[in-house]
1. Does the range 339-352 contain any residue that is modelled with pLDDT under 95 and outside any helix (DSSP H, G or I)?
2. Go through the range 116-167 and give me each residue that's under 29 Å from L313 (Cα atoms), part of a strand (DSSP E or B) and not β-branched (V, I, T).
3. Are any residues in the range 366-378 among the hydrophobic types (A, V, I, L, M, F, W, C), part of a loop (DSSP other than H, G, I, E, B) and open to solvent by less than 20 Å² (accessible area, probe 1.4 Å), and if so, which ones?
4. Of the residues T302, T296, which single one is of a type in the set (V, I, T), in contact (Cβ under 8 Å) with a residue 12 or more places away in the chain and open to solvent by 20 Å² or more (accessible area, probe 1.4 Å)?
5. Name the single residue, out of those in the range 178-226 being among the small types (G, A, S) and in a loop (DSSP other than H, G, I, E, B), that is nearest to G87 (Cα to Cα).
6. Does any residue in the range 76-92 that is on the phi > 0 side of the Ramachandran plot come within less than 9 Å, Cβ to Cβ, of a residue that is part of a loop (DSSP other than H, G, I, E, B) and aromatic (F, W, Y) six or more places away or on a different chain, and which pairs are these?
7. Taking the range 322-365, which residues are surrounded by fewer than 19 Cβ atoms within 10 Å (Cβ to Cβ) and touching a Lys or Arg at 6+ places or on another chain (Cβ under 7 Å)?
8. Out of the range 224-245, which residues are touching a residue at least 60 places away in the same chain (Cβ under 8 Å) and open to solvent by 90 Å² or more (accessible area, probe 1.4 Å)?
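The values are calculated or read from the model by the stated rules, or taken from the named source; none is laboratory data. Note that the structure is a prediction, hence the values are computed from the model and not measured. Here the Cβ positions follow ideal geometry from the backbone for every residue, glycine too, while neighbour counts run over all protein chains shown. Heavy atoms of the whole protein, side chains included, go into the accessibility calculation; ligands, DNA and RNA do not. Shrake-Rupley method; radii C 1.70, N 1.55, O 1.52, S 1.80 Å.
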Amino acid sequence: MSAESTPEPGIPGDAGTTSPRHRAKGRRRKPRDKRKGLLIMAWTAAGIVVLGGTGAGYVYFKLNGNIKSVDIDQALGTDRPEKVDNGSENILVLGSDTRSGSNRELGGGADDGSARSDTAMIVHVYEGHKKASVVSIPRDTLVDRPKCTDTDGDTHDAAAGVMFNESYSTGGAACTVKTVESLTGIRMDHYLEVDFSGFQKLIDELGGVKVTTTKNIKDPDSHLNLKAGTHELTGKQALGLVRTRHGVGDGSDLGRIQLQQAFIKALINQVKDINLFGNPKRLYDLANTATKTVTTDTDLGTVNSLMSFANGLKGISSKNMNMVTMPVQYDPADPNRVIVAEAKAKMVWEALKADRTIPKAATKGTASGDADGVVSAP
């Protein structure tokens, strides 16, 4: 969409905008039609937050300027798995934060000023874009990180037996993608990162997310205190839920992943049920926050690209989303760490490469958390 097609520079719904609004002939839609206008799909672990087009040139360029992107392809070069041309797509989604400033107050851990990625998911969108599989990678997984070059051009030596999320703190997005591709043998078509502090604001602007908990969840570290029952989570509570390790279950990262996956499904259901088109100003605020919250690869680094990407995903509901954790076992040398269950993980990666459903046998008998079923959509 070009700026010339929309002469009004005002924000939709802004009381200060006095110019008349015009609707192009033949473009009238029902309010709940999510194929046009400003479209937001929110997935997180994180999840994915993407948005569509808008009807004002000013808004388009404003939102476009919010989006941060990194050139993953240039950093990684040609030494990558071959791209599979079978109609499927693989997206690496990261949830990241810093440990300083206001984020420390939100339960971000030690104030060491570093940025970390504590949530990582491979989202595989099947041919036809009607269903998806999501594979969460535990941050505590011990892996061999390959030699990698970050987006600043700095090269980082390979390292053996390091935690998975060390790849992000070492070389950012490029080294994380390199590590995932080395681990799986699957090429990541896209990369999308969601900042946790922006995630909190996004949930608040959505009006909260409703979940039901079957147990009490209390974790002073993530400032979360929920009694068993149904709750309309604020942004702060939602952030606490996807971060908590010690609030419920065995305190493991695997348990946290189970909570994250349940929250993502509740979030997807709510976004699809909300009629955002009844409040254009709210739509703008939501999109403004969403575009400030995400970092993408350069192929997704514009509003138009994100709109096209979102339109390709809009048919996937939570019922058509299979969410699993990468098959792992506890490390015999350190119960606080996990190692890849190679044979079963290979079943997962081969299924995704062939665009097939992940077999149940791939995750049977592997290590899991103790928070399954604790959180669900009401």
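1. There is no residue in the range 339-352 that is modelled with pLDDT under 95 and outside any helix (DSSP H, G or I).
2. Result: R116, S117, D118, A120, M121, H124, A132, S133, S136.
3. A367, A371, V374
4. From the options T302, T296, the qualifying one is T302.
5. So, considering only residues that are among the small types (G, A, S) and in a loop (DSSP other than H, G, I, E, B), the one nearest to G87 (Cα to Cα) is G185.
6. G87/Y126
7. Scanning the range 322-365 gives a single hit, D331.
8. Selection gives K236 alone.
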